[in-house]
Amino acid sequence: MKQIRSKQDKQRDSRKLIFLIVNDTRCKKDKSTKKMEALSFQYSHETGKSVWCHCLVTAHVVAQGCSYAWDYRPYYQEEYCQAERLEFKSKNDLAMEMIEAFSAQADEQVYVLMDSWYTSEKVINACNRKGFHVIAALKTNRRIRPAGVSIKIDEFAEKYIRKSDLHSVTVEGQGTYLVYPYEGSVSDIENVKLLLSWKDEYTGLSKPQVCLLCTDLSLDLVTIQRYYHVRWNIETGYRYFKELLGFDQYQLLSIHGIQRFWAIQFLTQNFLEFQRQEWMEQQSDLTLGDVARRIREEFFGQIIVYVYQQALEKKPLFDILKHLKLSA
């Protein structure tokens, strides 16, 4: 946050925006790993079925071109909590813990970005208490009250929305949407802005393809769509965690050891992000993958130089291999 705030001060932003992204991910394991603690079958949106895994609810911070893994909470099913005498906490409870723990300064505006799983009244109220705004996806079976009549979003769209009611909204890097804006209450959530969106084209009597909720009524349609797109940072973060760092490739048995492994992974990803920010002062558009490859190449180069220097000094090959912890 010191790095982010330093960049904000240099650019003299009139509105200091911080995006706090909440989501969850699964570390899938083979079914043969029955001795590994806290594993359970949990539904995966990615595969469309239940998988044998550990599940983490995580938070990610994005601001001023910086993108950091921020916090995590393991999610344990209720049966495991009862067996281990732990307090059961739902994914929404864990999300609220991280939101409530996040500290922002008075001149910063925090937007909490979430998918539809976390768009509950209690999570939104937790954000309101902190002075944070919410932009989140919403399931179309939620109820709205146009003209005081309670009706499901998808039913309202099918019966009452026509193409002439839609606004064409073009968002840079995302394409064009046809959007129907609604302002009012959604289920038990009061006074929000709702965007019912169709991508590229609209067919009569169709359900919205995307439904976004925003608690900041001052934002226009384009800005809401653009801000919500920042949520993709946590998805790319998960990809780097798993494909670049091996976040789900542990073979530890105790959940205590696994949590230590996850903590090291968070620190490693953020080390790479710090390094990315430093190197981007000379070279723009670097990814975490670029940074990791460059570090590995530089380290490999250092090994080559070391071996060359040892050879010039006529050191025995066995001693060099022993120092490098390599076998012949």
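The values are calculated or read from the model by the stated rules, or taken from the named source; none is laboratory data. These numbers come from a predicted model, not from an experiment. Glycine also receives a Cβ, built like all others from the backbone with ideal geometry; neighbour counts cover every protein chain displayed. In case anyone asks, the SASA skips ligands and DNA or RNA and just uses the protein heavy atoms, side chains included. Shrake-Rupley method; radii C 1.70, N 1.55, O 1.52, S 1.80 Å.
A few notes on this one:
- For Rg/Rh (Cα atoms, Kirkwood Rh), calculated from these coordinates, the label among [x] 0.99; [y] 1.02; [z] 1.05: [z]
- Sequence-separation-based contact order of the chain, relative, with Cα cut under 8 Å and 6+ spacing, percent: 14
- Legend: residues 25, 170, 33, sorted from most to least accessible area (1.4 Å probe; ligands, DNA and RNA excluded), read 170, 33, 25.
- Estimated FRET transfer efficiency when R0 is 51 angstrom, pair residue 298-residue 217 (beta carbons, to 0.05): 0.55
- Partners for residue 16 among lysines (Cα-Cα distance below 24 Å; same-chain residues under 8 apart left out): 2, 7, 130, 193
- Computed from phi, the 3J(HN,Hα) profile of the stretch 112-117 under the Karplus parametrisation 6.51, -1.76, 1.60 (θ = phi - 60°) reads 8, 10, 8, 8, 5, 4 Hz, with x in place of Gly and Pro.
- Segment residue 84-residue 9, length gained on full extension (0.36 nm per residue, minus Cα span): 22.2 nm
- Taking the accessible area of the stretch 58-156, probe 1.4 Å, and keeping the other protein chains in place, the carbon and sulfur fraction comes to 46%.
- Among 97, 273, 201: highest mean-square fluctuation, GNM of the chain, C-alpha pairs under 10 Å: 201
- Stretch gain in nm, segment residue 203-residue 42, where the contour uses 0.36 nm per residue and the Cα spacing is subtracted: 54.4 nm
- Of the listed residues 120, 50, the order by accessible area with a 1.4 Å probe, largest first, is 50, 120.
- Reported to the nearest whole Å, the Cα centre-to-centre distance from the stretch 233-269 to the stretch 272-286 is 22.
- Each Lys or Arg adds one and each Asp or Glu subtracts one; over the other residues with Cβ under 10 Å from the Cβ of residue 65, this totals +2.
- Fluctuation leader among 149, 186, 230 - the chain, Gaussian network, Cα springs under 10 angstrom: 149
- Relative contact order of the stretch 72-200, defined on C-alpha pairs under 8 angstrom at six or more residues apart (%): 15
- At full extension, residue 285 and residue 176 could sit 36.7 nm farther apart than now, given 0.36 nm per residue minus the alpha carbon distance.
- For the stretch 145-269, the fraction of alpha-carbon pairs lying more than 17 Å apart is 66 percent, rounded to a whole number.
- Heavy-atom SASA rank of 308, 80, 250 (probe 1.4 Å, accessible area, largest first): 308, 80, 250
- Straight Cα distances below 22 angstrom link residue 29 to the lysines 49, 91, 242, with same-chain residues fewer than 8 positions distant left out.
- Most mobile listed residue (59, 157, 136) in the chain, GNM with C-alpha springs under 10 Å: 157
- Accessible area of the chain divided out per residue, in Å², using a probe of 1.4 angstrom: 56
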